[in-house]
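Report on the following structure.
The values are calculated or read from the model by the stated rules, or taken from the named source; none is laboratory data. Keep in mind that this is a model prediction, so the values were computed, not measured. Heads up, the Cβs are rebuilt from the backbone with ideal geometry, glycines too, and the neighbour counts pull from every protein chain shown.
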């Protein structure tokens with residue numbers, strides 16, 4: 001087992017003596033793989049103070065966008081050089097199959113760092129407008145200040161990069177708190193940030209538990225909170241930010257629907273839904289976990305999904321052929337198994353999987369990929385976020401009922417419509433109340449397009465120009481005529 005220093009602030013690594021140790025456990029072997037020194041309230045105070053100093057006393061707060069872009073492009077080069085190391089670390093840390101870790105957990109962030117730089121180069125940082133009363137008005141975009149970024153464990157690098165890089169390009173300083181299940185990749189990124197030459201205090205990495213996150217969110221020295229996590233935790237974050245009038249963006253849970261029209265090919269739907277639902281063992285916030293199919297063709301779509309899911313290879317995440325790895329923790333494994341039991345008790349038809357261990361495995365936090373059919377949208381498995389490899393098929397009578405079922409959810413993060421007629425699919429998509437939708441695919445997060453939810457899935461947007469604007473304040477400067 002490795003022991004890693006766990007606090008990176010003001011350009012240094014040091015042990016945080018009073019706050020304890022974060023144990024990182026392998027989801028595959030159930031054995032400890034690292035011990036990370038946890039940060040405490042004093043570390044948060046120091047990190048926030050260092051961030052403020054970096055924006056005022058140090059040069060970061062006075063850099064031009066072009067300088068920041070050049071620095072982040074250096075970071076992108078360093079990231080590329082260490083992609084294999086990062087992918088192996090994430091695979092070991094959270095149990096993601098190595099192929100998925102290479103392609104999505106690390107490949108996407110590596111691409112997005114450069115894409116965000118491209119966005120920043122095109123961004124309109126200021127403009128002069130003719131004022132109504134004769135004055136010219138200079139409208140400037142300026143860094144919001146000190147950002148607290150709190151990320152979960154499921155897609156750690158992707159979620160860090162989508163917060164950290166736009167914030168840095170905007171000219172902010174960032175205090176990053178990774179999840180206790182996945183601190184190692186964040187600390188490795190911290191090393192890369194130092195190597196890229198960012199000034200001390202611009203980025204701090206503080207491993208710790210939920211109590212540390214709560215202290216950071218409530219800190220009066222924080223100007224903006226960017227949080228990704230559960231809806232329950234998001235409500236607490238929103239309340240803490242409201243008390244201080246701190247800006248906040250929340251990307252929370254989801255229970256997204258795939259609305260399948262009667263002309264959609266079952267094999268294409270099954271392949272697409274499997275990919276959009278079960279990647280990362282279903283531990284993805286925008287997974288398509290409800291599949292709405294025409295009642296008359298219900299069994300065709302169920303059979304196609306069953307064929308896709310029955311052949312999935314579940315096992316050792318370090319094996320390049322593995323398609324589904326373990327869940328991140330014993331608690332998550334127990335939670336998903338309980339939902340599988342609930343689905344059977346509620347009367348849904350269990351088609352594939354169940355609450356036992358996958359064949360050939362006797363340890364690790366694994367769950368069988370599970371398919372329920374003939375379900376009702378009132379069932380808990382159709383209403384609550386499970387966050388595991390569980391798909392629920394719900395029949396509908398007509399398109400009106402399909403839209404009603406899709407919208408009958410507390411959540412509104414993502415969704416999709418599947419069919420041969422794109423115009424018909426788009427017409428239905430416009431009636432589904434979510435932040436994002438895919439046509440004949442799950443929603444793919446694009447660095448040039450905004451991502452975020454409605455209802456209990458949160459508010460605010462990441463990615464795209466809108467994501468960069470989330471870390472900027474707007475200032476208007478009126479210039480008297482003749483000046």
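For the stretch 89-107, the candidate set comprises residues that are free of Cβ contacts under 8 Å to residues at least 40 places away in the same chain and touching a helix residue (DSSP H, G or I) at 6+ places or on another chain (Cβ under 8 Å); within that set, the residue that is nearest to residue 193 (Cα to Cα) is 107. Every condition in (1) at pLDDT 95 or above; (2) out of contact with any strand residue (DSSP E or B) (no Cβ under 7 Å at 6 or more places or on another chain); (3) more than 22 Å from residue 73 (Cβ to Cβ) holds for residue 150 except the one numbered (2). Surrounded by fewer than 24 Cβ atoms within 10 Å (Cβ to Cβ) and under 19 Å from residue 387 (Cβ atoms): does that describe residue 233? Judged against the criteria, residue 233 is a match.
Do we find a residue being in a loop (DSSP other than H, G, I, E, B), closer than 28 Å to residue 102 by Cα and either out of contact with any helix residue (DSSP H, G or I) (no Cβ under 6 Å at 6 or more places or on another chain) or modelled with pLDDT of 95 or more (or both) anywhere in the stretch 328-337? Yes, because at least one residue in the stretch 328-337 is in a loop (DSSP other than H, G, I, E, B), closer than 28 Å to residue 102 by Cα and either out of contact with any helix residue (DSSP H, G or I) (no Cβ under 6 Å at 6 or more places or on another chain) or modelled with pLDDT of 95 or more (or both). What about residue 460, is it surrounded by fewer than 24 Cβ atoms within 10 Å (Cβ to Cβ) and within 16 Å of the chain's Cα centre (by Cα)? Considered against the rule, which asks whether it is surrounded by fewer than 24 Cβ atoms within 10 Å (Cβ to Cβ) and within 16 Å of the chain's Cα centre (by Cα), residue 460 comes out as yes.
Among residues belonging to the stretch 458-483 that are assigned to a loop (DSSP other than H, G, I, E, B) and touching a strand residue (DSSP E or B) at 6+ places or on another chain (Cβ under 6 Å), point out the one that is nearest to residue 384 (Cα to Cα). It comes out as 460. Going by the conditions given, is residue 43 at pLDDT below 80, outside any loop (DSSP other than H, G, I, E, B) and either surrounded by 15 or more Cβ atoms within 10 Å (Cβ to Cβ) or in the same structural domain as residue 115 (by TED's automatic domain parsing) (or both)? No; evaluated as a whole, the condition is false for this residue.
Among the residues of the stretch 338-368, those identified as touching a strand residue (DSSP E or B) at 6+ places or on another chain (Cβ under 9 Å), over 12 Å from residue 315 (Cα atoms) and in a loop (DSSP other than H, G, I, E, B) are 348, 353, 354, 355.
Does the stretch 425-433 contain any residue that is surrounded by 24 or more Cβ atoms within 10 Å (Cβ to Cβ) and either out of contact with any strand residue (DSSP E or B) (no Cβ under 6 Å at 6 or more places or on another chain) or closer than 19 Å to residue 298 by Cα (or both)? No, the stretch 425-433 has no match at all.
Quick one: which of 436, 444, 392 is within 24 Å of residue 280 (Cβ to Cβ) and either free of Cβ contacts under 8 Å to residues at least 12 places away in the same chain or in the same structural domain as residue 152 (by TED's automatic domain parsing) (or both)?
The unique qualifying residue is 444.
Per the listing 186, 170, the residue uniquely farther than 30 Å from residue 282 by Cβ and crowded, with 19+ Cβ neighbours inside 10 Å is 170. Suppose the filter is at pLDDT below 95, touching a helix residue (DSSP H, G or I) at 6+ places or on another chain (Cβ under 8 Å) and closer than 16 Å to residue 176 by Cβ; does residue 10 pass it? Against the criterion (at pLDDT below 95, touching a helix residue (DSSP H, G or I) at 6+ places or on another chain (Cβ under 8 Å) and closer than 16 Å to residue 176 by Cβ), residue 10 qualifies.
If the condition is being over 17 Å from residue 162 (Cα atoms) and buried (at least 17 other Cβ atoms within 10 Å of the Cβ), then the stretch 201-213 contributes 201, 206, 207, 208, 212, 213. Would you confirm whether or not the stretch 399-413 contains a residue that is assigned to a helix (DSSP H, G or I), out of contact with any strand residue (DSSP E or B) (no Cβ under 8 Å at 6 or more places or on another chain) and under 18 Å from residue 338 (Cα atoms)? No, every residue in the stretch 399-413 fails to be assigned to a helix (DSSP H, G or I), out of contact with any strand residue (DSSP E or B) (no Cβ under 8 Å at 6 or more places or on another chain) and under 18 Å from residue 338 (Cα atoms).
When you check residue 180 against the structure, is it touching a strand residue (DSSP E or B) at 6+ places or on another chain (Cβ under 7 Å) and surrounded by fewer than 20 Cβ atoms within 10 Å (Cβ to Cβ), yes or no? When the stated conditions are applied, residue 180 passes them.
Of all the criteria given as (1) in contact (Cβ under 8 Å) with a residue 60 or more places away in the chain; (2) part of a loop (DSSP other than H, G, I, E, B); (3) farther than 29 Å from residue 62 by Cβ, the one not satisfied by residue 198 is (3). For the stretch 434-457, filtered to residues that are in a strand (DSSP E or B) and surrounded by 19 or more Cβ atoms within 10 Å (Cβ to Cβ), the residue that is farthest from the chain's Cα centre (by Cα) is 438.
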